[in-house]
Structures are given as C-alpha cells and as structure tokens.
Amino acid sequence: GLVGLSLPTYSKLQSIHLNMHSPRTPGYTLFQSNEIDINIVTQEYLFSKLIVLLSGREAEKLHFNKSITTGASHDFSEAYTLAEKMIMKYGMGKNEIFPYNSDKSKNIIDNEIMKMITDAQYQSQIILESFKDVMILLAPKLIKKKNLKRDIILSTIKNIKIS
C-alpha cells in the first residue's frame, strides 16, 4: 500500500487490510483508480502497478529476511502476466518483436519481461527502504485493527517526517 501511495502515476490509496483467514489474499490494499478510461492506460500506470504487485514480497524480504511466505504468490503470477502483456500485447518493450514464434524473438521477449520485472522490483525496494520507519509504526496497528484507512497512514508519514 505504501508503495502505491508514493507513486504519482498510480491509483489513490484508500486502505490497507489484513485478512489472515484467506489463504489466497492474507493482506490487500484498496485503491481508487486515477484513470479516466480504464480501457486505455499509460505505460507509466502499468509499470507502477507492476511495482505495487511486487512490493509485497519485497516488504517481506526487507522485514523478514530469514523467511518469506507464500502470501505474495498470487501477486507474482499477476505481475508476470502484466509484464508479458506490456511487452507482447501492448508493445511497451524496447524492441519490436516479430515473428512471435521464432527462438530469437522468444529469447528477446523473455529478456524484456525479466528486465521489466527486475526494474520494478528494484524501484519497489527503494520505496520500501524509504518507508521502513513508517512500516514499523503501522504494522502493530494493522495487526490489531485488521485495516488502516488512508488518513491514519498519511498522518503517520507526516509525523515521522516532522520528527
């Protein structure tokens, strides 16, 4: 959630939720879309979405560097699918890729998808590192209340920056 909040090209953060009873989505964030037409989105917005999707696992690695969970597996799958669409369907990679079924183009596609995912992971790491103190303060509140609204998150950020 904090990663999405920090990305100006991404949707507006509404709340962060914890639901340990759901094996598929133990934690999730609700966003309000900034896009006027949800059928046509920018490359910047899609890349921001990729960063947000990968941030759950990156947050686990930052805070629990000895052990990570299966909680981000759905996000990983969605991130790969998004990166693949960005490259193959939307033409948002560095290379024009024709024909799709040649060995050379498959290699180019794989490399572009992995580069896009790696770049998004790196951006996520940078953002999460800058929010580490905020995450430490918000985690116990999230565990206790099971959800955090936008105003609580923003006031916590503001209080840390003032200190």
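All of the numbers you see were taken from the coordinates with simple rules; none came from a lab. Owing to the predicted nature of the structure, the values given are computational and were not obtained by experimental measurement. Note: ideal-geometry Cβ built from the backbone for every residue, glycine included; neighbour counts use all protein chains shown.
So the values come out like this:
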| read-out | value |
| --- | --- |
| Stretch gain in nm, segment residue 145-residue 119, where the contour uses 0.36 nm per residue and the Cα spacing is subtracted | 6.0 nm |
| Eligible aspartates and glutamates near residue 106 by straight Cα distance, threshold 18 Å, same-chain separation 8 or greater | 84, 96 |
| Phi-based couplings in Hz for segment 136-145 (Karplus 6.51, -1.76, 1.60; Gly and Pro marked x) | 5, 6, 7, 4, x, 5, 5, 4, 6, 8 |
| Greater than 30 Å apart at Cα, pairs in 94/132; 61/115; 12/145; 115/145; 85/149 | 94/132; 115/145; 85/149 |
| For peptides 49-60, 138-149, 77-88, sequence by mean Cβ density within 10 Å, most packed first | 49-60, 77-88, 138-149 |
| Amide H contacts of residue 147 (H built 1.01 Å from N, under 5 Å, at least 5 apart or other chain) | 18 |
